[in-house]
Each structure stands twice: as C-alpha cells, then as structure tokens.
Amino acid sequence: MGLKNMWNFKQKKDNDESSDDSSDDEDEEPAEKKPVMHSVAIRHYGGVNRIRSQRLGDSTVCSVWNDLGKVQIWNLTNALNQANQMTGPSQTVKAEKYEVPLFTYEGSKQEGFAMAWSPTVTGDLATGDRVKNIYVWHMQEGGQWAIDRKPLTGHQDQIEDLAWSPNEAGLLASVASDKSLRMWDTRVPPAQACVAHVENAHDSDVNVLSWNAHDSLILTGGDDGQLKIWSLKTITSKQPVARFKYHKKPITSVEWHPTETTTFMASSEDNQTTIWDIAMEADGGDEQSIEGVPPQLLFIHMGQKEVKELHWHRQIPGLCLNTAVDGFNVFRPINM
C-alpha cells in the first residue's frame, strides 16, 4: 500500500502551446518550483482488491479487501505523519514503523470487492463478497470490530458495490452482478432488512453506485455502459428518474460531487472519465450541440488506459483524481 503527499502542482500547458523553447524552460525550472510527490509504502501480503479510508477519532484508518479473502483494518496515522514530514525531491520510502493490521476478518468464503464506511455511525463498515453475502461491521472498544453473524442476503450473484446513506443511519444500498439494486435497513434482522429492490436496474451487471450527499438520489453504472439516477421517493416504481447512454463500454466508477448537488463524475472501460451536470437541459436553438453528446455532459478527460476508480477532492473544489493501469491523474477542469 502507498500513501502519497503531493504539492507544488501547476497548470499543465496545452500541446499546441508547447515548443522546444518551453521544453527547455521546463528542464531548467528550479527544483523548488517542480511538482513533488512523496510516498510511504506499507508492506501488505497479497493483492489489494479495494481500499477505503476513514477518520476515526484522532486516527486515520483504512479497510482493505485482499485477494486472499480477508478484510483487514490498518492504522495509517504513523505513515501519514511520515509522509507529511518528508522533504526534498519526489521519492518513495518504506514506513519507518513495521505496520500490522489492527483487525482481520476471514469469515468470507471467497474474496470480494464491495466495501463502504458509514458516514453517520462511527466505525460501522459494510463488506460484500463474491458469494452474494453482505456483512455489517460495528466498531468495539480496543480497536476491535464485531461482525453480524448473519449476513444480508438476497442478491443472486456477486456483490459489486455498497454505499451508505449520508443522512440516515443504518440505511445501505447495494448493487450486484445480478443486475439489481437493493436497499437495506441494517437496524432490523437480516430476514426483514431489504426494504426496496429493483430487479433489473440495468441490462447487465451493475458495477458501481454513489449516494448523493444532499438529495435522495442514487447513481448507478453498469456493464451496459449506462448511467442511471434513482430517486428514493419513486424507487418503488422501479424506474430511474434519469439515464445517460454515452459510454461505449462498462462503467467502472461513479461519484457525486461533494458540494455541487447536480454534478457527478464517471469512468468507463472506453478509457474516458466524464463529468456531468443533470441540471443542464438541451437548447433546441443551439447550433453548437454535438450529435451523440448529451447536453448534461460537461467535460471529457482522456489519455489513460483501463481507468478503475475516481474521486473528487474533498477540500479543493473541482479537483479530480483517478487511477488507471498506467498510473493516476490529478486534474481540475477549467469549467468546474
């Protein structure tokens, strides 16, 4: 695992503005003006399927789904402090303190990918695995977690993604390879926990979802390349309130903007990262409209291969980060 501290970034020049002279200028740029990335590596046994961080009191922790079928909780506080204290040019170093997991759960029969920390109940975590089970975790004293003995069941295939309600404690959403979207009330016994179910939410596997922090809206993305928005007020109708068919291949990640209620970001196996505003409407008299491009599509970021995950920066407005097989990008659209 790696923790990265980046600063001294600046706007990247467009290709048509670059020249041999500008390249020479960049080569001669003083060290104190060059972008810097310091990284601290923590040794982890096994491949990492998914990782999620969370602030718990004065500590920063992360949960890790690994390819050995284990879910582990790690304390990142020491490594983060080490990264913040690093100086000099970009470099990667090993964590000064040998880190071991705070907690390990091996109750799942197979590995998984779905994982989400609750934003309303401190220390609560949900995990979903390849054998259709969703487990809910509750933090205990002494850096331990208690996992509900009976999982949430109902999906007919692998759990792909999970998201907690940002406002209502105990309300959880899940999507799976069985094409469905389910809502759960984790405060009641598992047999009665499923409170809503959209059987064919997409035409094929539903890969990802994101819960709007301000409105009762859930965004989903599937193997069919579609992006769909569901309102909790009308979810019993089993129809989305909006759908967008622009991407040509499966959707790999989605996330609502943390402060702009109508804005979200999505990535796809077509190697595009897109930013959308659902408040935009088509102008019938707009001669500049492009065929095949929805009016809600604000921005397209390209140049990467196999984009896997994306996030908005929580403190810097409009700053985007995504990961791909060839590295990760940090970018900020001029219109955000």
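Just to check your reading of the model, which residue among Lys150, Lys109 is in contact with a strand residue (DSSP E or B) (Cβ under 8 Å, 6 or more places away or on another chain), without any contact (Cβ under 8 Å) to a residue 60 or more places away in the chain, of a type in the set (Lys, Arg) and within 27 Å of Arg182 (Cβ to Cβ)?
Details: Lys150 fails: in contact with a strand residue (DSSP E or B) (Cβ under 8 Å, 6 or more places away or on another chain).
Going through Lys150, Lys109 in turn, just one is in contact with a strand residue (DSSP E or B) (Cβ under 8 Å, 6 or more places away or on another chain), without any contact (Cβ under 8 Å) to a residue 60 or more places away in the chain, of a type in the set (Lys, Arg) and within 27 Å of Arg182 (Cβ to Cβ): Lys109.
With respect to Ala114, is the statement that it is over 19 Å from Val188 (Cα atoms), assigned to a strand (DSSP E or B) and in contact (Cβ under 8 Å) with a residue 60 or more places away in the chain true?
Numbers: over 19 Å from Val188 (Cα atoms): yes; assigned to a strand (DSSP E or B): yes; in contact (Cβ under 8 Å) with a residue 60 or more places away in the chain: yes.
So Ala114 fits the description; yes.
Condition first: in contact with a Gly (Cβ under 7 Å, 6 or more places away or on another chain) and within 15 Å of Asp161 (Cβ to Cβ). Can you find one or more residues in segment 227-241 that meet it?
To start, the set of residues in segment 227-241 that are in contact with a Gly (Cβ under 7 Å, 6 or more places away or on another chain) comprises 227.
Cutting the leftovers down to within 15 Å of Asp161 (Cβ to Cβ) gives us 227.
Within segment 227-241, one or more residues are in contact with a Gly (Cβ under 7 Å, 6 or more places away or on another chain) and within 15 Å of Asp161 (Cβ to Cβ).
Residues to consider are Gly123, Gly142, Gly112; find the one that is exposed (fewer than 15 other Cβ atoms within 10 Å of the Cβ) and of a type in the set (Gly, Ala, Ser).
Working: Gly123 fails: exposed (fewer than 15 other Cβ atoms within 10 Å of the Cβ); Gly112 fails: exposed (fewer than 15 other Cβ atoms within 10 Å of the Cβ).
It is Gly142.
Taking segment 44-91 as the search range and keeping residues that are β-branched (Val, Ile, Thr) and in a strand (DSSP E or B), which one is surrounded by the most Cβ atoms within 10 Å (Cβ to Cβ)?
Taking segment 44-91 as the starting set, the residues that turn out to be β-branched (Val, Ile, Thr) are 48, 51, 60-61, 64, 71, 73, 77, 87.
Now narrow it down to the ones that are in a strand (DSSP E or B): 48, 51, 60-61, 64, 71, 73.
Details: Val48: 13, Ile51: 16, Thr60: 18, Val61: 22, Val64: 20, Val71: 27, Ile73: 22.
So the residue we want is Val71.
Can you pull out the residues in segment 126-152 that are assigned to a loop (DSSP other than H, G, I, E, B) and either more than 22 Å from the chain's Cα centre (by Cα) or hydrophobic (A, V, I, L, M, F, W, C) (or both)? Write out each step before concluding.
Step one: list which residues in segment 126-152 are assigned to a loop (DSSP other than H, G, I, E, B), which gives 130-133, 141-143, 148-151.
Listed by number, the residues that qualify are Val131, Glu141, Gly142, Gly143, Asp148, Arg149, Lys150, Pro151.
Return the total of residues in segment 206-252 being surrounded by fewer than 20 Cβ atoms within 10 Å (Cβ to Cβ), without any contact (Cβ under 8 Å) to a residue 40 or more places away in the chain and of a type in the set (S, T, N, Q).
Of the residues in segment 206-252, 5 are surrounded by fewer than 20 Cβ atoms within 10 Å (Cβ to Cβ), without any contact (Cβ under 8 Å) to a residue 40 or more places away in the chain and of a type in the set (S, T, N, Q).
When you check Leu171 against the structure, is it modelled with pLDDT of 95 or more, under 27 Å from Asp277 (Cβ atoms), in contact with a Phe, Trp or Tyr (Cβ under 9 Å, 6 or more places away or on another chain) and surrounded by 14 or more Cβ atoms within 10 Å (Cβ to Cβ), yes or no?
On the way: modelled with pLDDT of 95 or more: yes; under 27 Å from Asp277 (Cβ atoms): yes; in contact with a Phe, Trp or Tyr (Cβ under 9 Å, 6 or more places away or on another chain): yes; surrounded by 14 or more Cβ atoms within 10 Å (Cβ to Cβ): yes.
It is true that Leu171 is modelled with pLDDT of 95 or more, under 27 Å from Asp277 (Cβ atoms), in contact with a Phe, Trp or Tyr (Cβ under 9 Å, 6 or more places away or on another chain) and surrounded by 14 or more Cβ atoms within 10 Å (Cβ to Cβ).
The values are calculated or read from the model by the stated rules, or taken from the named source; none is laboratory data. The shown structure was predicted, so the numbers you read here are calculated from the model rather than taken from an experiment. A quick note on method: Cβ atoms are made from the backbone with ideal geometry, for glycine too, and the neighbour counts reach across all protein chains shown.
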